[in-house]
Structures are given as C-alpha cells and as structure tokens.
Amino acid sequence: MESFVFEYPTKVYFGQGAAKQYLCKELEQYGNTVLLAYGGGSIKRNGVYEEIFNILREAGKTVVEFSGIMPNPTYAKVQEGAELARNHGVDLILAVGGGSVIDCCKIAALQAKTNEDVWEAELIEKRFPKCSPIPLGAVVTVSGTGSEMNAGGVITNEEKKMKTGLFAIAPRFAVLDPTYTMSVPFPQVMSGAFDTLSHAMETYFGYPNGDNVSDDINEAVMKSVIRNMRILLKDPNNATARSNLMWDSAMAENGLLKLGKKTDFQAHMIEHQLGAYTDCNHGMGLAVIHPVYYRHIVKEGLPKFVRFAENVWEIPKGSKAEIQLALAGIDALAAFIAECGLPSRLSELKVKTPITDRILEEAAYSTAIQPNSYKKLTYGEIYEILKECM
Ligand code: NZQ
Ligand code: ZN
C-alpha cells in the first residue's frame, strides 16, 4: 500500500424505504430553502418525485425546482442551476437522479457561491475557487457512477468540446433505495452496472501490482458486479441483485478501492471525449473501449492481467503461458459484455451525431493522457484504439 489520508464525508441511508425513514430528520440540519434538482422526468413517472416532494413539505421546506438536467450534463446547465440557487438563497441542493443530476448539482453548488468561472479556475488556473459550496444531498434513482459518494462532477463544456471532471463537494448524505431503480430501462441498468465494473477495473489495473488490501476488496466487488448482472439477465427485477449492484456502484467510486493505489482511468478519459463530441452513453461507450484498450496495454501490465484472468474470470491458474492467460481474461471480459447485450463496437451505439472518422480523430487528440497507466499512450495510439472500436 502507498501512504494515504482517509476521511469520509457522506452519510449513507441504504435500503427500501430509506427516504421515508430518514430524510425528514436529516433535513432538520439545513436551512429552509431546498433546490430540488432532477432530470428529464423519469422521477415524475415512477412516483419518486411525489415521495420526495411530500417529505420536503413535511419537513417544512420551501422548494425551488431545477429540472431538465440531461444525461452528460452541460456547463450551461450548471450555470442555470447556480443562478437559481443564488437567486433563491438556497440552503441545500437535493439532487434526485443518477450521475448526471448529481454531477450537475455538485458543480452548480460551487458555482452558486462564487463569481469566478469554476471551469477556468479549476482546469486552466489549476486551483479551487475561494468559497464553500452549498451543501448537497443525493437521492439515487439509477446506480452505476458512484457519484453519490465522491466529490467529482463530470461536465460537458459544449463550447470547448470537452467532457471532464471538476471537483466541488461530496454529498453530505445519500439516500440509496434500490426500489427507486426498478423503473430504469434494462439497457441503462446494464450500462450503469458496467460503469461500476469499469471503475473497479480502472482502479485494479494500477500500481502497486503486489499484495494489497484494496485489490483484494476490488476483486470481490468485480465478482459481485459480474454475478449480479448475470442474475439480472435471467431475472431483471431481482431485488437482491439490484440492491447489491447499488452498493457495488458506491463502493467502486467512493475512494475505498483506490486507497494506497495509483489508478488508470484511461478508458474513461477516452469515453469522456467521445461524450464531448456525441451523446455517447457513458457505460456503453466504456463497454466498447475496455477490451480494445486492454489488448493494447496487456504486455505492460502482464502480471495484473494474469491475476485478473485467474481471480476474476476463474481461468485455471497456470493453464496457459502468461500472455495467453492474460489475453483469455480480456476475451472473457469481451464475451461478458456481449452476453449482457452491451455494444462491442462504437458503430452499434445509438447516437444522434453519427461517429465519423473526423470525430474519432478529434476525440483522440483531445483525450487526457493518464500518467499512471501501465502504458502511457500517445494521441496516435488513442486514435488507433478508437478506430479499432468502430
Ligand atoms: O433524466 P431522466 O428522465 O431522469 O432519465 C434518466 C436518464 O435518461 C434515466 N433514469 C434515471 N433514473 C431513472 C431513470 N429512468 C427510469 N427510472 C429511473 N429510476 O436514466 C438515464 C441516464 O441517467 P444518467 O444520470 O445520465 O446516468 P448515469 O447515472 O449513468 O450518469 C452518467 C453521467 O455520470 C458521469 C458520466 O460521465 C455521465 O455524464 N460520471 C460521473 C462520475 C462521478 N461523478 O463519479 C463517474 C463516472 O465515471 C461518470 O463519468
Ligand atoms: Zn464511469
């Protein structure tokens, strides 16, 4: 393990009925005005809006609504939320949705408290704006990103053609009720669960490779995600599997698996730039990129890819030469992606903007290259990877 400092900021209320049981009491800690933020309307159709709204009323709160947060939220939407929060003197932002709603609210919570442009401050000037964000709470309705337990928000800047992570504030509390995810369309359930697996893999494939607690826990999380996704393939509404996947999602991105480790996240950086140029679905984009990317770096990360094959995909130890074992593990991952009905090629993605060679090139040459990957890629290699993904 490398050295680390660890502190946990988010209180989690997990389980069926968690909002009804705990939210009203939790809300006592905050001022009167709450910004109730949500996406395109799924929460109005599945009853979650009504339930949360009634709890807010019961707690005596004045509710200001911030709606229409789109998947892959834009920086313009962040500004809209910040302005609403500022104009109404909001005391708490309550994000009800998935990664997109929570991420947009994290950055709006920060932007609302400063006249500085937070994008410029963090990404160009490389410093955190001098202010404290508005407190944030999250009610998760679709799991996968783990955004409910970390401080990062992934935002698309349409003008700059960049989708990237900014840092603001971790939710003070998060309500994780697996029954809220029951209405999520099945392809999105699988996409979210694959995102969780991706977070675990992006953390596992990083130094140190040797014996460490984080990698041992990570293997358990990866196996849990795979097992529960397989259960959902047979029984899509299986409550135990939904519940396990919801906690796997939080576990993979709440920082615990990263303790004492360097991480990769190169596949994420490539997918994010595809998301800057198209409306690529996050988990589905990752499903396409991972096996192709891993075949590019397998030699540099050989010992860990062998361990991945043996411990995660249960390919018998020593049954093949090391490189064959490592490749068999990546093949098992690719076969699992197909088994789950996730796309294996970018050409299979349902996107509004067709993915042209020009888009691949621009996305590749604007991707953030990760310093701690087993193999530090060049822009040219990323372009080759993306072309292979087609
Ligand atoms: O907008 P509504 O109508 O609510 O519909 C949403 C959306 O269309 C729908 N949905 C959500 N809950 C539902 C539901 N539909 C029916 N029933 C429900 N209960 O699901 C669709 C996808 O929602 P979204 O929030 O976009 O999905 P996800 O949670 O996968 O978030 C993706 C975003 O998170 C970022 C991604 O890049 C992407 O922008 N990420 C954030 C991370 C973080 N902050 O830690 C890490 C991730 O790696 C990721 O980059
Ligand atoms: Zn992700």
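The values are calculated or read from the model by the stated rules, or taken from the named source; none is laboratory data. In this text, all values refer to a predicted model and were calculated from it rather than measured experimentally. Positions of Cβ are backbone-derived with ideal geometry, glycine not excepted, and every protein chain shown enters the neighbour counts. Just the protein is used for accessible areas: all its heavy atoms, side chains included, with ligands, DNA and RNA removed. Shrake-Rupley method; radii C 1.70, N 1.55, O 1.52, S 1.80 Å.
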Sequence order, the stretch 345-360: Karplus ³J(HN,Hα) from phi using 6.51 cos²θ - 1.76 cosθ + 1.60, θ = phi - 60°, Hz rounded, Gly and Pro as x, gives 9, 5, 5, 7, 5, 8, 10, 6, 8, x, 7, 9, 4, 4, 5, 4
Convert 20 °C to kelvin, take the viscosity as 1.002 mPa s, use the Kirkwood radius over C-alpha pairs of the stretch 1-109 as Rh, and evaluate the Stokes-Einstein diffusion coefficient in µm²/s, rounded to a whole number. 144 µm²/s
Students often get this wrong, so check it: of K11/K258; K261/K375; K160/K262; K304/K376, which have C-alpha atoms separated by over 27 Å? K160/K262
Each label sits 7 Å from Cα toward the beta-carbon; between K387 and K234 the label points are separated, in nm, by 4.4 nm
Excluding ligands and nucleic acids, what accessible area in Å² is computed for E58 using a 1.4 Å probe, to the nearest 10? 140 Å²
Mind checking the angle between helix 99-111 and the chain's longest principal axis? C-alpha axes, 0 to 90 degrees, to the nearest 10. 60 degrees
Distance in nm between D117 and E28 label points, each 7 Å along Cα→Cβ, equals 4.5 nm
Against the 2.2 N^0.38 Å rule of thumb, the C-alpha Rg of the chain sits at a ratio of 0.96
Taking Cα atoms only, helix 48-58 is inclined relative to the longest principal axis of the chain by an angle, in degrees rounded to 10, of 40 degrees
Among the listed pairs K20/K163; K106/K299; K25/K113, which have their C-alpha atoms separated by more than 29 angstrom in this model? K20/K163; K106/K299
Taking the chain and counting helices only, DSSP H stretches of n ≥ 4 at -39,500 (n - 2.57) each over all residues, the nearest-500 ellipticity at 222 nm comes to -14000 deg cm²/dmol
What is the helix-to-structure angle for 379-389, meaning the angle in degrees between its Cα long axis and the longest Cα principal axis of the chain, kept from 0 to 90 and rounded to the nearest 10? 90 degrees
When only the heavy atoms of the protein chains count and the probe is 1.4 Å, how do M182, M251, M1 rank by accessible area, highest first? M1, M182, M251
Going by accessible area, probe 1.4 Å, with all protein chains left in place, what is the ranking of T156, T145, T62, largest first? T62, T145, T156
Cut-off 10 angstrom, C-alpha nodes, Gaussian network model of the chain. Which of N209, N115, N254 fluctuates the most? N115
Relative contact order of the chain, defined on C-alpha pairs under 8 angstrom at six or more residues apart (%): 15 percent
